[in-house]
1. Out of curiosity, is I32 of a type in the set (A, V, I, L, M, F, W, C), in contact with a helix residue (DSSP H, G or I) (Cβ under 9 Å, 6 or more places away or on another chain) and either farther than 16 Å from M1 by Cβ or modelled with pLDDT of 95 or more (or both)?
2. Considering every residue within the stretch 14-34, establish whether at least one is on the phi > 0 side of the Ramachandran plot, in contact (Cβ under 8 Å) with a residue 24 or more places away in the chain and open to solvent by less than 40 Å² (accessible area, probe 1.4 Å).
3. Scan the stretch 6-25 and tell me whether some residue there is in a strand (DSSP E or B) and of a type in the set (A, V, I, L, M, F, W, C).
Amino acid sequence: MVRVLLKFSEKVVEQPITAQVILEHGIPINIISARIEPQGGEILAEIPSTHFEKVSNTFREKGVTVTIP
């Protein structure tokens, strides 16, 4: 598993992006913690190592900043 920090801007925070990524790829994402507010938010999550590139690229395409803390 790769632990990542997903940062959502004010522009995309209202969209169900995490659910969309899970449904698109059928890959479980373990949410460790989350802070979501109208001004933006962050999710600390674990993504299976074998799918990290594919999942992180999809998050980036949807406007989410992906970093490894």
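The values are calculated or read from the model by the stated rules, or taken from the named source; none is laboratory data. All of these numbers come straight from a predicted model, not from anything done at the bench. As a convention, Cβ positions derive from the backbone with ideal geometry for all residues, glycine included, and neighbour counts pool all protein chains shown. Calculation scope for accessible area: heavy atoms of the full protein, side chains included, ligands and nucleic acids excluded. Shrake-Rupley method; radii C 1.70, N 1.55, O 1.52, S 1.80 Å.
1. Working: of a type in the set (A, V, I, L, M, F, W, C): yes; in contact with a helix residue (DSSP H, G or I) (Cβ under 9 Å, 6 or more places away or on another chain): no; either farther than 16 Å from M1 by Cβ or modelled with pLDDT of 95 or more (or both): yes.
Criteria not met by I32.
2. At the first step, the residues of the stretch 14-34 found to be on the phi > 0 side of the Ramachandran plot are 26.
Cutting the leftovers down to in contact (Cβ under 8 Å) with a residue 24 or more places away in the chain gives us none.
No, the stretch 14-34 contains no residue that is on the phi > 0 side of the Ramachandran plot, in contact (Cβ under 8 Å) with a residue 24 or more places away in the chain and open to solvent by less than 40 Å² (accessible area, probe 1.4 Å).
3. Start the filter on the stretch 6-25 by keeping residues that are in a strand (DSSP E or B), which leaves 6-8.
In the following step, the residues that additionally are of a type in the set (A, V, I, L, M, F, W, C) were identified as 6, 8.
Yes, the stretch 6-25 contains at least one residue that is in a strand (DSSP E or B) and of a type in the set (A, V, I, L, M, F, W, C).
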